[in-house]
Amino acid sequence: MPVRMKDLADHFLAAGRYTFTIAEAQKALGAGDPAGIYTGLSRLRRRHELFSPAHGLYVAVPPEYRNRGVVPAEWFIHQ
């Protein structure tokens, strides 16, 4: 069953995944119009549910970090 755009970040988080590609998003959403998918991803970025550190790569932001809009830097930076 396809995932709704508004549930995309939580779909990947529930599967234990923080990162996903545009192709994986299209598959989870049941394909669809690429322009519509980019529009939906932009909307989720504005709501701080995900961010994109590189073109085509997205990071789902867990609910406890959505007020910041990103996950902690320690998740990316090696100590």
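The values are calculated or read from the model by the stated rules, or taken from the named source; none is laboratory data. Since this is a predicted model, take the numbers as computed values, not measurements. Positions of Cβ are backbone-derived with ideal geometry, glycine not excepted, and every protein chain shown enters the neighbour counts. The area values use the complete protein model at the heavy-atom level, side chains included, leaving out ligands, DNA and RNA. Shrake-Rupley method; radii C 1.70, N 1.55, O 1.52, S 1.80 Å.
So the values come out like this:
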| item | result |
| --- | --- |
| Qualifying positions in region 55-79 - open to solvent by 80 Å² or more (accessible area, probe 1.4 Å), within 17 Å of Phe12 (Cβ to Cβ) and of a type outside the set (Phe, Trp, Tyr) | Pro63, Glu64 |
| Residue count for region 33-42, restricted to those that are in a helix (DSSP H, G or I) and either surrounded by fewer than 13 Cβ atoms within 10 Å (Cβ to Cβ) or among the polar types (S, T, N, Q) (or both) | 6 |
| Qualifying residue in region 9-19 (condition: surrounded by 12 or more Cβ atoms within 10 Å (Cβ to Cβ) and in a strand (DSSP E or B)) | yes |
| Ser52 vs. criteria in contact with a Phe, Trp or Tyr (Cβ under 6 Å, 6 or more places away or on another chain) and surrounded by fewer than 16 Cβ atoms within 10 Å (Cβ to Cβ) | yes |
| Contacts under 8 angstrom Cβ, first residue in region 59-71 being part of a loop (DSSP other than H, G, I, E, B), partner acidic (Asp, Glu) and modelled with pLDDT of 95 or more, 6 or more apart | Val61/Glu49; Arg66/Glu49 |
